[in-house]
Amino acid sequence: MKHIAIGILGAATLGLVASAASAATLDDVKAKGFVQCGVSTGLAGFSAPDDKGDWQGLDADFCRAVAAAVFGDGTKVKFTPLSAKERFTALQSGEIDVLSRNTTWTINRDTALGLNFVGVTYYDGQGFMINAKKLPGVNSALQLSGAAVCVQSGTTTELNLADYFKTNKMEYSPVVFEQLSEVDAAYDAGRCDVYTTDQSGLYGIRLTLGSPADHVVLPEIISKEPLGPAVRQGDDQWYHIVKWTYFALLQAEELGITKANVEEMKASDNPEIKRVLGQEADTKIGTDLGVSNDWVVNIVKTVGNYGEMFERTVGSGSPLKIARGINALWTKGGLQYSPPIR
Amino acid sequence: MASQEILREEPSRGSFINDPKVRGIVFQAVVVIVLVALVWWIVQNTIDNLTRLRIASGFGFLRGRAGFDISDSAIAYSSDSTYGRAILVGFVNTLIVAFAGIVTATIIGFILGVGRLSHNWLIRKICMVYVEVFRNIPPLLVIFFWYSGVLSVLPPPRESINLPFSSFLNQRGFYFPRAVWGEGSWLILVALLLGIAMAWFVARKARQRQMATGQQFPVFWTSAALIIGLPLLAYALSGFPLSFDYPKQSTFNLTGGFQVKPEFLSLYLALSFYTAAFIAEIVRAGIMGVSKGQTEAAGALGLRPGSILRLVVIPQAMRIVIPPLTSQYLNLTKNSSLAIAIGYPDLTATTGTVLNQTGQAIECVLIMMVVYLALSLLTSAVMNVINARMALVER
Ligand SMILES: N[C@@H](CCC(=O)N[C@@H](CS)C(=O)NCC(=O)O)C(=O)O
């Protein structure tokens, strides 16, 4: 019943209160004094509260970067934990200003759901995890015919899963839950043989299981999961602010601007660096966007550049130890690429 | 003169505005107009907002390909089926669990309710403790209790518990052989129906005879012979067309046979046991509502305690029991939407998934509301019919 109630409430707010969304989001955010950011209910590496209750992770830091761009202060952000099912309604109804919650960019979400994805903060793909202790000898997803598979509902994951087993003419019995904690518990208790979700998610989830070392992530990647932040349609200014916050993080890494050196970089002779950091005479880049001209300085001071953010949250500086891989800058053979800031 | 006039005008208080009848009509009209305006405003506002947010609307999405699988389905369904069918699967699942739950809860509830009035101290206390415990726990907890119980107490699939008749019990559920009906097995079904019809006829005739002559006829044994014997005969005549598909161990799970999933099992058990506690109280109140004189009079006529309960007390108690029983049935049906917490694909769960995959929030919530409402009204209607038949027949 609770869920129906939430649904009704969501639908009702969608219908009635959505007028909030019509006003410029930037004005709204400034009036409130903080950015309301939708995150996961707790996925290590992306958005999970630490022991002090502060949200940590790539997605959570992205929210701080947006707050830094708008307010010059990365702490002016509030987080709303959302399950896969709740996330889009929360954004559509104006409950949150940005959805930064390991969400895959798809055409359906861009069109029918009325969202605008701003970019891809993490290129991912769907994988499978099994308990190697219980299932020795399984080392490929193609051996999974007949298995019970745990999956979270309302995700691209459950769609890819159906496609993959169908294409490979394999049987499976889905075990579907709405909350991440329920999927974790069911997998841990042995209700299913296989856990499937975004591979990065699997690494994060593995850390929270009883004995992480028992579990292996199978090599197959069965889908493209470009994860990125999204905003509502119909407010181009806000869309641009969030989108260029992401590009600014990339551009800073490309130019070698870091959290530590951003102040000295302001005095750099390189015209590109000066321009990005708002040091060009009479620059209008920041104000045209709707923020202050030192927005990039504020972003980098708060969370560092994209590379620093990545290593700190999911990379070598984190328990997940995920390699940059295709998430490296285009200059290093990866896919992360920012259009010029000029 | 003057006093007469005043008297005559008294009822309408001199003015049209003060006439209670006129006032009543005016107020009702105002309420209706305000209500219509409000609904119109809500609908209009919703349409405007959806257009501005560029969210598609309408029910056309129900024909789209669902693309996701459902763990437990009583009707044919695959990821190629439509969203509409996915919702239907959820609806059928809700019906199944609600119906099974209602039947079981009623049986347990009646036993407990009668047990609470038993002369045996132990039985009375056990029933009381049961009722007090289950009545005071939120249903969600009861569901979690059963689900985590099932998952943590039962062994993994490779160490299944073997039960008689090639049945197995493990974390993944309860497996038993599935009947495979061969050619000609329709004869068995026909024979069964025939048996039931004949048994019913015999029972009727026997009752009429007993009424007229006082002679009794062994109805139970005749009926049993008809209902069991006829299908058996048909089975033999059609050349034993029935075979069984047994559950077998494979790499991951048991395959073949019929599987009752732990999600269904725990939801069904939880709803039954939870609601039974409330039904027990209703039954106890119903029985206590029948005056003691009835029992004593029946005893004086020489009826045994069992017969007194069955023939005298329960029929009268039913009149008190049925109305509150209806509302327990409605509660059980609505509580079945807690299924979502343990991943049983009921109406709420599948419609929720459709909602999420399509983003058609308003449409999906509307469907859910209409279906639950219809289900509740239907249950009430059925119970009203039963109630009318049970009501005191004045002769
Ligand atoms: N990227 C996929 C899946 C995202 C997803 O929800 N993944 C799950 C499993 S890793 C999750 O993060 N759940 C967190 C939560 O529900 O709080 C999508 O956008 O549909």
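The values are calculated or read from the model by the stated rules, or taken from the named source; none is laboratory data. Worth saying up front: this structure is predicted, and the values here are computed from it rather than measured. So basically every Cβ, Gly included, is an ideal-geometry build from the backbone, and we count neighbours across all protein chains shown.
The condition (being within 13 Å of the ligand (Cβ to nearest atom), within 13 Å of chain B (Cβ to nearest Cβ) and either on the phi < 0 side of the Ramachandran plot or buried (at least 24 other Cβ atoms within 10 Å of the Cβ) (or both)) is satisfied by just one residue among A:Thr104, A:Thr197, A:Thr167: A:Thr104.
Flag not set for A:Ala48, criterion: away from the ligand (no atom under 16 Å from the Cβ) and touching a Gly at 6+ places or on another chain (Cβ under 7 Å). Taken over segment A:207-223, the criterion of being loosely packed, with under 15 Cβ neighbours inside 10 Å and either without any contact (Cβ under 8 Å) to a residue 60 or more places away in the chain or assigned by TED's automatic domain parsing to the domain that holds A:Ala48 (or both) is satisfied by A:Gly210, A:Ser211, A:Pro212, A:Ala213.
Among the residues of segment B:247-264, the one identified as within 7 Å of chain A (Cβ to nearest Cβ) and hydrophobic (A, V, I, L, M, F, W, C) is B:Phe252. It is to be established whether one or more residues within segment B:59-70 are acidic (Asp, Glu), crowded, with 16+ Cβ neighbours inside 10 Å and touching a residue at least 60 places away in the same chain (Cβ under 8 Å). No; the residues of segment B:59-70 include none that is acidic (Asp, Glu), crowded, with 16+ Cβ neighbours inside 10 Å and touching a residue at least 60 places away in the same chain (Cβ under 8 Å). Looking across A:Val216, A:Val231, A:Val183, A:Val242, one residue alone is within 11 Å of chain B (Cβ to nearest Cβ) and not in a loop (DSSP other than H, G, I, E, B). It is A:Val183.
Within segment A:170-179, if we keep just the residues that are within 13 Å of the ligand (Cβ to nearest atom) and crowded, with 21+ Cβ neighbours inside 10 Å, the residue that is farthest from B:Tyr77 (Cα to Cα) turns out to be A:Glu178. Selection of segment B:308-348 for residues being more than 30 Å from B:Asp69 (Cβ to Cβ) and within 11 Å of chain A (Cβ to nearest Cβ) yields only B:Asn331.
Filtering segment B:251-265 for residues that are acidic (Asp, Glu) and within 30 Å of A:Met170 (Cα to Cα) leaves a non-empty set. Residue pairs whose Cβ atoms lie under 9 Å apart, separated by 6 or more positions or on different chains, with the first residue in segment A:30-43 and in a strand (DSSP E or B) and the second aromatic (Phe, Trp, Tyr) and away from the ligand (no atom under 16 Å from the Cβ), are A:Val35/A:Phe71. Only one entry of A:Val77, A:Val29 meets the criterion of being away from the ligand (no atom under 12 Å from the Cβ), out of contact with any Lys or Arg (no Cβ under 6 Å at 6 or more places or on another chain) and either within 14 Å of another protein chain (Cβ to nearest Cβ) or under 22 Å from A:Ile299 (Cβ atoms) (or both), and that entry is A:Val29. Helices (runs of 4 or more DSSP H) fully within segment B:244-363 that include at least 3 residues being touching a residue at least 60 places away in the same chain (Cβ under 8 Å): B:262-288, B:314-335, B:347-358. State whether one or more residues within segment A:142-153 are within 16 Å of the ligand (Cβ to nearest atom), modelled with pLDDT under 95, among the polar types (S, T, N, Q) and not assigned by TED's automatic domain parsing to the domain that holds A:Val66. The answer is yes; a qualifying residue exists.
Within segment A:88-101, if we keep just the residues that are out of contact with any strand residue (DSSP E or B) (no Cβ under 6 Å at 6 or more places or on another chain) and within 11 Å of another protein chain (Cβ to nearest Cβ), the residue that is farthest from A:Tyr239 (Cα to Cα) turns out to be A:Thr89. Just so you know, in segment A:107-124 the residues that are within 12 Å of another protein chain (Cβ to nearest Cβ) and surrounded by fewer than 18 Cβ atoms within 10 Å (Cβ to Cβ) include one that is nearest to the ligand (Cβ to nearest atom), and it is A:Asn108. The residues of segment A:180-191 that are within 9 Å of the ligand (Cβ to nearest atom) and aliphatic (A, V, I, L, M), listed by number, are A:Leu180, A:Val183.
The rows are residues; the columns are (1) over 30 Å from A:Leu144 (Cβ atoms); (2) loosely packed, with under 13 Cβ neighbours inside 10 Å.
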{"site": "B:Ser223", "(1), (2)": "yes, no"}
{"site": "B:Ala236", "(1), (2)": "yes, yes"}
{"site": "B:Gly239", "(1), (2)": "yes, yes"}
{"site": "B:Ser250", "(1), (2)": "no, no"}
{"site": "B:Phe258", "(1), (2)": "no, no"}
{"site": "B:Pro262", "(1), (2)": "no, no"}
{"site": "B:Ser266", "(1), (2)": "no, no"}
{"site": "B:Phe278", "(1), (2)": "yes, no"}
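Against the condition within 9 Å of another protein chain (Cβ to nearest Cβ), among the polar types (S, T, N, Q) and assigned to a helix (DSSP H, G or I), how does B:Thr379 come out, does it pass? For B:Thr379, the condition - within 9 Å of another protein chain (Cβ to nearest Cβ), among the polar types (S, T, N, Q) and assigned to a helix (DSSP H, G or I) - is not met. Taking the residues in segment A:200-213 that are in a loop (DSSP other than H, G, I, E, B) and more than 14 Å from chain B (Cβ to nearest Cβ) as candidates, determine which candidate is farthest from the ligand (Cβ to nearest atom). Checking each candidate, the answer is A:Ser211.
Pairing each residue of segment B:36-52 that is facing chain A (nearest Cβ under 8 Å) with any residue that is outside any helix (DSSP H, G or I), provided the two are 6+ apart or on different chains, yields C-beta distances under 8 Å for B:Asn49/A:Ala18; B:Leu50/B:Ser57; B:Arg52/A:Ala18; B:Arg52/A:Gly234. Of all residues assigned to segment B:181-201, at least one qualifies as being assigned to a strand (DSSP E or B) and of a type outside the set (Asp, Glu). Evaluated against (1) at pLDDT 85 or above; (2) surrounded by 14 or more Cβ atoms within 10 Å (Cβ to Cβ); (3) under 24 Å from A:Glu182 (Cβ atoms), B:Phe110 falls short on exactly one condition, (3).
A single member of A:Ile107, A:Ile96 is over 12 Å from the mean Cα position of the chain (by Cα), closer than 25 Å to A:Phe34 by Cβ and of a type in the set (Val, Ile, Thr), and it is A:Ile96.
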